[in-house]
Amino acid sequence: MIKAGRAGCRPSPAPAVPGVQAEMMVIPAGGQERRLVTDALLPADDPLPDGCGTCDRCLTSCPTDAIVAPGVIDARRCLAWLVQARGVFPPEHRVALGDRIYGCDDCQLFCPWNKFASLTAEDDFLPRHSLDSAKLTELFSWSEDDWLERTRGSAIRRIGFERWLRNIAVALGNAKTGKDVTAALRNRRDSSTVLVREHIDWALARHENNTAQGET
């Protein structure tokens, strides 16, 4: 379990290993922002009061019920963590992934405090290479060289090409059944690693079941 501070309230307990720890905090009139917790000796200010009250929108909006109590996240169920974790994507959470391939942030989307947030003007945080509008089938066709070029400078790079393909295979399994989707999965299958192939087979099986039931 990861115990995070509630909105505008308590910080997380100190990390087990001295260093830094990131978490989301709510800043009044600014929405949610990421803050860095460090063991550096800095002057302390007064903690913000609890800004959540009886609101539980982050708990009820989480696709996998990963927020198990106010301020407590079970990272083993958090999609934002699972898309980055190594190995097999848990079968019980694949449908909940929907069409996401990196990140989730539903808890932030539903947080009322974020109505005060504004879009950044920093170029470093803006979408690159049309990643915000590209089709899953297009992304799935990228070679590793394509991926390295188009994720340069992005946090996406840290998951590696194999997990990128694994995540897209799951997302394609959740997509509407169509010839373009199944063709993309089949075209990538034989050249994929064992890990990616397992997720492609899962996706193809879902589409075969959809077709058998007349769902397209």
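Pull up segment 191-216, narrow it to residues that are among the polar types (S, T, N, Q) and free of Cβ contacts under 8 Å to residues at least 12 places away in the same chain, then point me to the one that is nearest to Glu144 (Cα to Cα). It comes out as Ser191. Note on segment 134-163: residues that are within 22 Å of Ala203 (Cα to Cα) and without any contact (Cβ under 8 Å) to a residue 40 or more places away in the chain amount to 11.
Kindly check whether there is at least one residue in segment 148-163 that is over 18 Å from the mean Cα position of the chain (by Cα) and closer than 30 Å to Gly214 by Cα. No; the residues of segment 148-163 include none that is over 18 Å from the mean Cα position of the chain (by Cα) and closer than 30 Å to Gly214 by Cα. Please verify whether segment 196-211 includes one or more residues that are outside any helix (DSSP H, G or I) and either modelled with pLDDT under 95 or not assigned by TED's automatic domain parsing to the domain that holds Arg94 (or both). No, that holds for no residue.
Matching residues to (1) touching a helix residue (DSSP H, G or I) at 6+ places or on another chain (Cβ under 7 Å); (2) at pLDDT below 90; (3) of a type in the set (A, V, I, L, M, F, W, C); (4) under 30 Å from Arg57 (Cβ atoms):
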residue: Asp99; (1), (2), (3), (4): yes, no, no, yes
residue: Tyr102; (1), (2), (3), (4): yes, no, no, yes
residue: Leu109; (1), (2), (3), (4): no, yes, yes, yes
residue: Phe116; (1), (2), (3), (4): no, yes, yes, yes
residue: Leu148; (1), (2), (3), (4): no, no, yes, no
residue: Leu165; (1), (2), (3), (4): yes, no, yes, no
residue: Gly178; (1), (2), (3), (4): no, no, no, no
residue: Val194; (1), (2), (3), (4): no, no, yes, no
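Selection of first residues in segment 167-190 that are farther than 21 Å from Val83 by Cα and of second residues that are at pLDDT 95 or above and assigned to a helix (DSSP H, G or I), restricted to Cβ pairs under 6 Å at least 6 apart or on distinct chains, gives the following pairs, ordered by first then second residue: Thr177/His207; Asp180/Thr137; Thr182/His207. Which pairs have Cβ atoms under 8 Å, sit 6 or more apart or on different chains, and link a residue in segment 108-119 that is over 20 Å from Ile73 (Cα atoms) to one that is surrounded by fewer than 16 Cβ atoms within 10 Å (Cβ to Cβ) and among the hydrophobic types (A, V, I, L, M, F, W, C)? Pairs found: Phe116/Ala29.
The values are calculated or read from the model by the stated rules, or taken from the named source; none is laboratory data. Being a predicted model, the structure only gives us computed values, none of them experimental. FYI the Cβ positions are ideal-geometry reconstructions off the backbone, even for glycines, and counts take in every protein chain you see.
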